[in-house]
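The values are calculated or read from the model by the stated rules, or taken from the named source; none is laboratory data. Computed from a predicted model, the values in this text were never measured in an experiment. Because the Cβ atoms are built from the backbone with ideal geometry, glycine has one as well, and the counts that use them run over all protein chains shown.
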Amino acid sequence: MVTGFELRKFLAPEFIFGNGARLLAGRYARNFSARRVFIVTDPGVMASGWLDDVTHALKDGGLQYRVYSNVNPNPRVEDVMEGAGIYQEEECDVIIAVGGGSPMDCAKGIGIVSSNKKHITEFEGVDKVGLPAPPLICIPTTAGSSADVSQFSIISDPIRCIKMGIISKTLVPDVALIDPVVTTTMPRDMTVYTAFDTLSHALESYVSNASSAVTDLHALEAVRLVTSNIIPVIADPEDINLRGNLMLASLHAGMAFSNASLGLAHAMAHSLGGLMDLSHGECNAILMEHVVEFNFQEEPERYAEIARAMGLEMNGQEVKSELIKGIKILKKGVGINKTLKDCGVSENDLDGLADVAMLDPCIVTNPRRPDKEEIMEIFKNAL
């Protein structure tokens, strides 16, 4: 009898990966017998021109659509509720999200609000969604959030100054059309920070206390792909092979963290994003080595595997110091040199930030359970 393998459930959408995947939007909408499609996107995606490819595909399929683009960089409660109202008024029946994590998370929220007839804040937490959403097709335009394959949606609540985590299998998209071509127009900063979001997903899912043999494979491959392609893609941003590798890394990391969850870096990044409205990937990048420093004692062997996947030569040196050094070198190589202080965070903010991070669902699967004072200390180290 095989031992050591606990019974586990894994969730993933149907996904199509490759150049031109976005052009299949009409075909997959028709597969759901769509009559009127609700497209969720943002102004940046509209300006890039990629949305036109999607709408042309819908027109060619004889489908009507309504575009909703009033989505903030960190999607807000009001974005979701406004979108859900328009979705119902327009009598739409299928949702297509075109964009990065913000439009995709917003689209997920719109779907569950529309089907459950509840306010988005009522779904905060784990497994709080009763009825499934309408069919959802995601077309990611960034290589980092992995919202196109995950059961997570992160929505900002400006009233409480927090980012809500909504986790439910009903949030796994029905189809993801993953097209590396659309990432060739990503600005440099977005390329860098979404790549570090991918790296954070991979690191945290690999050391998560809910990791498994299946998620480990995806996590380590994501680490390898990000660290070997991020610096080259900055030098040659239109190289479709490099872009494809980063998109593949995002897919692998998404498959890992959607099924193994995350950890302290994400709990703290969500807290920062809720208070300061900062870029999520930037928060993860700033916090990364500080959280590794804190967690290392609980999973030294797993962090050693991460270091090897990054291609680090430890040569008998202490793994922790070499891994942290490797992360810092990678950040320097892509121009990440900000601290939390540079982002406007002060010591006066740390108490409240730690309180919110302690309540984030991602903290449950962190390999080392921190107390409030320890979280405040990590924040302080990152100032």
Restricting the first residue to the range 156-179 and requiring it to be assigned by TED's automatic domain parsing to the domain that holds residue 113, which pairs with a second residue that is surrounded by fewer than 21 Cβ atoms within 10 Å (Cβ to Cβ) and basic (Lys, Arg) meet a Cβ separation below 8 Å and a spacing of at least six or different chains?
-> 166/128; 168/128
Looking only at the range 353-374, decide whether some residue is without any contact (Cβ under 8 Å) to a residue 60 or more places away in the chain and either among the polar types (S, T, N, Q) or touching a strand residue (DSSP E or B) at 6+ places or on another chain (Cβ under 6 Å) (or both).
-> no
Number of the condition not met by residue 367 [criteria: (1) outside any helix (DSSP H, G or I); (2) over 22 Å from the mean Cα position of the chain (by Cα); (3) within 25 Å of residue 152 (Cα to Cα)] | (2)
Looking across the range 1-33 at residues that are among the basic types (Lys, Arg) and in the same structural domain as residue 170 (by TED's automatic domain parsing), the single one that is nearest to the chain's Cα centre (by Cα) is 22
Subset of the range 92-129 [out of contact with any strand residue (DSSP E or B) (no Cβ under 8 Å at 6 or more places or on another chain) and of a type in the set (Ser, Thr, Tyr)] | 102, 114, 115
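Which residues, taken from the range 339-351, are surrounded by fewer than 14 Cβ atoms within 10 Å (Cβ to Cβ) and either in contact with a helix residue (DSSP H, G or I) (Cβ under 8 Å, 6 or more places away or on another chain) or of a type in the set (A, V, I, L, M, F, W, C) (or both)?
Correct list: 339, 344, 347, 351.
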Residue list for the range 251-302, restricted to those being within 25 Å of residue 212 (Cα to Cα), among the aliphatic types (A, V, I, L, M) and not in a helix (DSSP H, G or I) = 262
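In the set 95, 162, 120, which member is touching a Ser or Thr at 6+ places or on another chain (Cβ under 8 Å) and not acidic (Asp, Glu)? So that I can check it myself, show each step before the final result.
Values: 95 fails: touching a Ser or Thr at 6+ places or on another chain (Cβ under 8 Å); 120 fails: touching a Ser or Thr at 6+ places or on another chain (Cβ under 8 Å).
That would be 162, the only listed residue that is touching a Ser or Thr at 6+ places or on another chain (Cβ under 8 Å) and not acidic (Asp, Glu).
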Within the range 91-111, work out how many residues are hydrophobic (A, V, I, L, M, F, W, C) and assigned to a helix (DSSP H, G or I).
-> 4
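If you check 118, 163, which single one turns out to be touching a helix residue (DSSP H, G or I) at 6+ places or on another chain (Cβ under 9 Å), of a type in the set (Lys, Arg) and within 23 Å of residue 66 (Cβ to Cβ)?
Residue meeting the stated conditions: 118.
Conditions tested, residue by residue: (1) in contact with a Gly (Cβ under 6 Å, 6 or more places away or on another chain); (2) farther than 25 Å from residue 250 by Cβ; (3) surrounded by 15 or more Cβ atoms within 10 Å (Cβ to Cβ); (4) in the same structural domain as residue 259 (by TED's automatic domain parsing).
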{"residue": "35", "(1), (2), (3), (4)": "no, yes, no, no"}
{"residue": "39", "(1), (2), (3), (4)": "no, no, yes, no"}
{"residue": "57", "(1), (2), (3), (4)": "yes, no, yes, no"}
{"residue": "60", "(1), (2), (3), (4)": "yes, yes, no, no"}
{"residue": "67", "(1), (2), (3), (4)": "no, no, yes, no"}
{"residue": "72", "(1), (2), (3), (4)": "no, no, no, no"}
{"residue": "75", "(1), (2), (3), (4)": "no, no, yes, no"}
{"residue": "80", "(1), (2), (3), (4)": "yes, no, yes, no"}
